[in-house]
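To start, the structure under review is shown below, and the notes come after it.
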Amino acid sequence: MLSVARARITEVTPGEAAAQLSKPGVVALDVREPDEFQQGALKGAVHIPRGYLEIQVAGKVPEPTTPLVVYCAGGTRSAFAADTLAQLGYTDVVSMQGGFNRWKDEGRP
């Protein structure tokens, strides 16, 4: 299932994600669990745990053309989330490869 989802989405490196997030209007979407989010997150990230994505996203990101950089801890949940968001009609979604762990390992804020 993961390989199918990855074939349908766009994945970006943390560096590419940082470049996208520096642009106005781009939203970081954190799909980790609440305890993971509380340990640290990208600045200004919108938090929706993966298990609640389908029922909460429209309330937190109402415009389906909003550019989204989706991340989790390691890149798996975000890949599934990006695929789901596309199926829900979101048109500008990428998943960050390696997730928050890779972001931190690269020394990013």
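The values are calculated or read from the model by the stated rules, or taken from the named source; none is laboratory data. Keep in mind that what you see is a predicted model, and the values were worked out from it rather than measured. No Cβ is skipped: glycine too gets one built from the backbone with ideal geometry, and neighbour counts run over all protein chains shown. What goes into the accessible areas is simple: the full protein's heavy atoms, side chains included, and nothing from ligands, DNA or RNA. Shrake-Rupley method; radii C 1.70, N 1.55, O 1.52, S 1.80 Å.
For segment 1-82, the orientation-averaged shadow of the C-alpha convex hull comes to 5.5 nm² (one quarter of the hull surface).
Of the residues G15, G75, G98, which exhibits the maximal mean-square fluctuation in a Gaussian network model of the chain defined by a 10 Å Cα contact cut-off? Of G15, G75, G98, the Gaussian network model singles out G15 as fluctuating most.
The accessible area of E106, taken with all protein chains in place and a 1.4 Å probe, comes to roughly 80 Å². In the complete set of protein chains, residue-level accessible area for D35 is approximately 90 Å², probe 1.4 angstrom. Taken about its Cα centre, the chain carries a charge dipole of roughly 100 debye when the Cβ of each Lys and Arg holds +1 and the Cβ of each Asp and Glu holds -1. Restricting the trypsin sites (Lys or Arg not before Pro) of segment 7-50 to loop positions (DSSP other than H, G, I, E, B) with no more than 10 neighbouring Cβ atoms within 10 Å leaves K43. Here the accessible area is traced with a 1.4 Å probe on the protein chains. For the chain, carbon and sulfur cover 53 percent of it. Can you spot the aspartates and glutamates whose alpha carbon is less than 20 Å from K104's alpha carbon? Ignore those fewer than 8 places along the same chain. Those aspartates and glutamates meeting the cut-off are E11, E16, D30, E33, D35, E36.
With a 1.4 Å probe rolled over the protein heavy atoms of all chains, the accessible area of I9, I48, I55 falls in the order I55, I9, I48, largest first.
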